[in-house]
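Asks: Structure incoming, see below.
The values are calculated or read from the model by the stated rules, or taken from the named source; none is laboratory data. Remember, predicted model here, so these are calculated numbers, not experimental data. Please note: Cβ atoms are built from the backbone with ideal geometry, for glycine as well, and neighbour counts cover all protein chains shown. Remember, those area values only see protein heavy atoms, side chains included, never the ligands or the DNA or RNA. Shrake-Rupley method; radii C 1.70, N 1.55, O 1.52, S 1.80 Å.
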Amino acid sequence: MLNELLLFAKQPVYMRDANTSITHKLRTFVKLLVLALCASIILLIIASVVENIFHLNLGKHAIDDLFENYTVVMIFFLAVIIAPFFEELFFRGPLVFFKNSKFFKIAFYLFTVLFGFMHISNFEMTKQVLLFSPLLVAPQISVGFLLGYIRVRFGLIWSMALHACYNMVLIVPVLIMQLLDIPIE
């Protein structure tokens, strides 16, 4: 799988996977989910270390506002249903228009990077946040790459499902802590 992803990273092409077996698709899905979570955790640890070394003040994160203004059920609905649906529709959906184009590689990476940088809006806009933005959105860029990969291999529904599962794995523990009134810090 890693070799295939590296080859795809070098030369992304819009090509459906020849293996249409649901078992193959589910195995690939789970591998990509685990890879996305591992990559995000590693990149978040790196960002946290940099934040501590440089004594960065990144301000309030958007997730804090969510917990202040919405119920646990609404947060789950927004993070696991609404965001994956619309983000995939907007950032991975248009790839179909470039599938036979010599510009597919550019379009693929442009949408991947735009997806990542859209998430900078989760932070308060300060000079520090802007300066460190590539590092702060690196997890979303890496996940965006994997979402793009599964999208061109299996279809848009698969990227929506992967995005939803990824968000669910990350948000459900926090929501459970919120329901149990356990401080998150």
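Asks: Give the number of residues within the range 3-40 that are touching a residue at least 12 places away in the same chain (Cβ under 8 Å) and open to solvent by less than 90 Å² (accessible area, probe 1.4 Å).
Replies: 17
Asks: I'd like to verify a number: residues in the range 161-181 that are modelled with pLDDT under 90, of a type outside the set (A, V, I, L, M, F, W, C) and in a helix (DSSP H, G or I), how many?
Replies: 1
Yes/no per residue for (1) touching a Phe, Trp or Tyr at 6+ places or on another chain (Cβ under 9 Å); (2) among the small types (G, A, S):
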residue	(1), (2)
L58	yes, no
H61	yes, no
F67	no, no
V73	no, no
A79	no, yes
P84	yes, no
F90	yes, no
V96	yes, no
K99	yes, no
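Asks: Just to be sure I understand the filter: pairs with C-beta atoms under 6 Å, separated by 6 or more residues or on different chains, first member in the range 118-131 and under 22 Å from E87 (Cα atoms) and touching a residue at least 24 places away in the same chain (Cβ under 8 Å), second member among the small types (G, A, S) and in a helix (DSSP H, G or I). Which pairs pass?
Replies: N122/A62
Asks: In the range 98-126, what residues are over 17 Å from the mean Cα position of the chain (by Cα), open to solvent by 70 Å² or more (accessible area, probe 1.4 Å) and more than 17 Å from L147 (Cβ to Cβ)?
Replies: N100, K102, F103, I106, E124, M125, listed by residue number.
Asks: Output the number of residues of the range 17-36 satisfying the condition of being over 15 Å from L5 (Cβ atoms) and not charged (D, E, K, R).
Replies: Residues that pass the stated criteria total 8.
Asks: Got a sec? Which of V143, V137, V129, V152 is over 26 Å from K31 (Cβ atoms) and open to solvent by less than 30 Å² (accessible area, probe 1.4 Å)? Outline the logic, then answer.
Replies: Details: V143 fails: over 26 Å from K31 (Cβ atoms); V137 fails: over 26 Å from K31 (Cβ atoms); V152 fails: over 26 Å from K31 (Cβ atoms).
From the options V143, V137, V129, V152, the qualifying one is V129.
Asks: Taking A83 and the conditions (1) of a type outside the set (V, I, T); (2) without any contact (Cβ under 8 Å) to a residue 24 or more places away in the chain; (3) open to solvent by less than 50 Å² (accessible area, probe 1.4 Å), which numbered condition does it fall short on, given that it satisfies the others?
Replies: Condition (2) is where A83 drops out.
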